[in-house]
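Below is one structure, written out as structure tokens, with a few remarks after it.
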Amino acid sequence: MEAGPRDTDQEAPDARHEAGRLSPDGPDEHAVVPEVEVELRPARRLRIWQLAPIVVLAALGSLMFAFPLAFEFGDGGPLVAMLGLLISGCAAGWGMMAARRVGHTWPGLPARGAPERPDWRMVGLYVAVCAVLVALAVWRVARLG
């Protein structure tokens, strides 16, 4: 007994070899068997165990930034707010790297290895939004002191 695949096509044992036969004027185009591509790797997705620590750190950091008086012991309001901002920023970066690893991209930016170029209007918009957020965060921390 062999532990291999079985030939279950008993009626036409040579049917698999018909596609490779030659007609008098070249390969027989009508006898070509269509090929089926099957992806062997599963789809890359973010799992809950990958997202949970990112979400927890982002929530903790944003609460520390938003409510420094609830997390401080003394005159450390600006310090706690900056620490919360740092933790939130790290969680955001961690989330973006995890998303990029599974193939997600920002709108207007091509996927990794794609031949197209990024849309510079979208890149400018992202830079402007980040600059405004940083300015507002610095202004808020400066107001606490």
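Some notes on this structure:
- Elements of type helices (runs of 4 or more DSSP H) in the stretch 59-145, at least 3 residues being among the small types (Gly, Ala, Ser): 77-101, 120-144
- The set of residues from the stretch 33-58 being over 18 Å from the mean Cα position of the chain (by Cα), loosely packed, with under 13 Cβ neighbours inside 10 Å and outside any loop (DSSP other than H, G, I, E, B) comprises just one member, Val56.
- Checking Gly103 against (1) within 22 Å of Arg44 (Cβ to Cβ); (2) surrounded by 13 or more Cβ atoms within 10 Å (Cβ to Cβ), the condition it does not meet: (2)
- Within the stretch 62-91, tally of residues that are surrounded by 15 or more Cβ atoms within 10 Å (Cβ to Cβ) and among the hydrophobic types (A, V, I, L, M, F, W, C): 12
- Selection from the stretch 16-59 of residues that are modelled with pLDDT under 80 and either in contact with a Ser or Thr (Cβ under 8 Å, 6 or more places away or on another chain) or at positive phi (or both): Gly26
- Glu72 at pLDDT below 85, within 30 Å of Leu144 (Cα to Cα) and more than 29 Å from the chain's Cα centre (by Cα): yes
The values are calculated or read from the model by the stated rules, or taken from the named source; none is laboratory data. Just so you know, these numbers come straight off a predicted model, no measurement behind them. Using ideal geometry, Cβ is built from the backbone for each residue, glycine included, and neighbour counts are taken over all protein chains shown.
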